[in-house]
Amino acid sequence: MSCTFPGLRVLIVEDDALQRRVLCARVADIGVAAVLSASDGHDALRVIAENPSVNVIISDLDMPGMDGLELVRQLARRGSRAAVALHSAMDPELLACAELMVREHQLKFLSILEKPAAELGIRRILARACRTLSTKTRAPRAAIAEGDVHAALESGAFVPYFQPQVRFADGRVVAAEALARWPQPGGGFIGPDAFIPVLESAGLMPAFTWLMFDKVLAATAAWQRAFPGVHVAVNLSLSFLARDAVAEQVTALCERHGVARASVVLEITETVSMTDVATCLENIARLRMHGFTLSIDDFGTGYSSLLQLVRVPSQEIKLDRSFVAGVIPGSRAALLLEATIDMARKLRMTSVGEGVENHAEWAFLEGIGCDVAQGYFIARPMAEADFARWLEDHGGVWRLPPEPGAEPEPQIACLERAR
């Protein structure tokens, strides 16, 4: 048989000998030339040490000796770059917890493969592994000197990338979230998780926020000439909102760029609790009075809570990716999402599902009445010019691709091409 997935080196970890042989055979029959096996976590670590090219691990959870949970922990400690799928028939709540553990260990998570593993499920996991392992990554994160960040700020090196938000009802692009990036001379970029803490510790966040806001509004004014209905979403931290006269300054900046306040969504990020509560609330109230749309970002995490729905006059709620990822119908995460969306509807708020990465997540959120989706399934964050072209190419409307069916996916040799 031809090799459909030539770049994959798959390790099956399963204590039941019969299931292990069957799964190995099915993976090989689908088109993986290199298929290895192990009977538990200890055996898997030995196989990986002898075969460091292993890049996909499909592991059971409940095994004697070293179980799948400990194997995940050991893979993370060893800095494994392999993508992981869990092969199990255990309770969905437990599987959701195990998935979250894999992600928290910063390992590449593929999916849950139910027992007994069907060919279509295996094929989807292998195709996803190929895409995941061939995706270009951003510049490696390293310690960043305060002086370098200050120089980047002075030169205006930070730029906004834009990720579209699409309405479930008709596929219309309703907004784009602005996300900060720091392009590097050798290619790639540094993400905000690396440089934002340095900016905060150096007291440079206000200057950074104004720089980004200025660039974001300039880009918005340009694309709104062709697509006036596409709004822009900008993150504002509570520490920024704790400054005097912020509302007036934000309003003046919009007027200078000719961007209508009604087309600007201010996402209130809650990585820290409100310090100067009175000033924060004054600015929030003024921004709402001036016609801006207020959104509670990452709802359900950190300091984001029901209390914020009471004291922030928000019109939108963003459901954090940690709830959306791999959501299993009937699970606690699914019930929480459904209850939150129902609550948002009763409060006349728009609900936005963040981090939608596949057809199943899209279908689930659509089914429980979520209003808007954002995530890699639709598009990755793009530079200003790329986003403008993307809007033009789509005519402002994104069309849902066909759901993967029983037909084999196109042959993938992306890992070989990427080398």
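Coordinate-derived values only; no laboratory data. None of the values given here were measured: they were computed from a predicted structure. Counting neighbours? That spans all protein chains shown, and the Cβs are built from the backbone with ideal geometry, glycine included.
Remarks
- When both the stretch 1-60 and the stretch 100-118 are represented by their alpha-carbon centers, they are found 15 Å apart.
- Since only ALA152, VAL22, ILE317 are under comparison, the one whose Cα sits farthest along the positive direction of the charge dipole of the chain, derived from C-beta charges on Lys, Arg, Asp and Glu, is ALA152.
- Amide proton proximity set for LYS115, modelled H, under 5 Å, gap of 5+: SER88, ALA89
- Distant-in-sequence amide H partners of MET382 (H built 1.01 Å from N, under 5 Å): PHE162, GLN163
- Among the trypsin sites (Lys or Arg not before Pro) found in the stretch 320-358, those both in a DSSP coil and sparsely packed, with 10 or fewer other Cβ atoms within 10 Å of their Cβ, are ARG348.
- Between the stretch 224-268 and the stretch 71-98, the alpha-carbon centres lie 41 Å apart.
- Euclidean distance between Cα centres, the stretch 157-182 to the stretch 339-388, Å: 11 Å
- Each residue of the stretch 216-231 was assigned a 3J(HN,Hα) from its phi angle through the Karplus expression (A = 6.51, B = -1.76, C = 1.60, θ = phi - 60°), giving 4, 5, 5, 5, 4, 4, 5, 6, 6, 5, 9, 10, x, x, 8, 7 Hz with x at Gly and Pro.
- Summed side-chain charge close to SER351 - residues other than SER351 whose Cβ falls under 13 Å, Lys, Arg +1, Asp, Glu -1: -3
- For the stretch 9-135, the orientation-averaged shadow of the C-alpha convex hull comes to 6.8 nm² (one quarter of the hull surface).
- Per-residue HN-Hα couplings for the stretch 27-33 [Karplus 6.51, -1.76, 1.60; θ = phi - 60°; Hz; x = Gly/Pro]: 5, 5, 5, 6, x, 9, 6
- Mean sequence separation of contacting Cα pairs (under 8 Å, at least six apart), scaled by the length of the chain, corresponds to a relative contact order of 14 percent.
- Over the stretch 146-394, relative contact order from alpha-carbon pairs under 8 Å, at least 6 apart, %: 19 percent
- Antiparallel content of DSSP bridges confined to the chain, in %, to 5: 30 percent
- Only Lys, Arg (+1) and Asp, Glu (-1) charged, at Cβ; the stretch 146-394 dipole about Cα centre in debye: 600 debye
- 0 to 90° range, to nearest 10: angle between helix 277-289 axis and the chain longest Cα axis: 80 degrees
- Shape call, the stretch 146-394: gyration tensor on alpha carbons, a/c limit 1.5: rounded
- Distances between placed amide hydrogens fall under 5 Å for ALA83 paired with VAL56, ILE57, all partners being 5 or more residues away or on another chain.
- The charge dipole of the chain, taken about the Cα centre with unit charges on the Cβ atoms of Lys, Arg (+1) and Asp, Glu (-1), comes to about 780 debye, rounded to the nearest 20.
- Summing Lys and Arg as +1 and Asp and Glu as -1 over all other residues whose Cβ lies under 15 Å from the Cβ of LEU11 gives a net charge of +2.
- Going through (i) 26, 59, 15, 0; (ii) 24, 56, 19, 1; (iii) 24, 53, 22, 1, the figure that equals P(r) over Cα pairs in 20 Å bins from 0, in percent as computed for the structure here is (iii).
- Shape category assigned to the stretch 326-402 from the gyration tensor of Cα positions, a/c cut at 1.5: prolate
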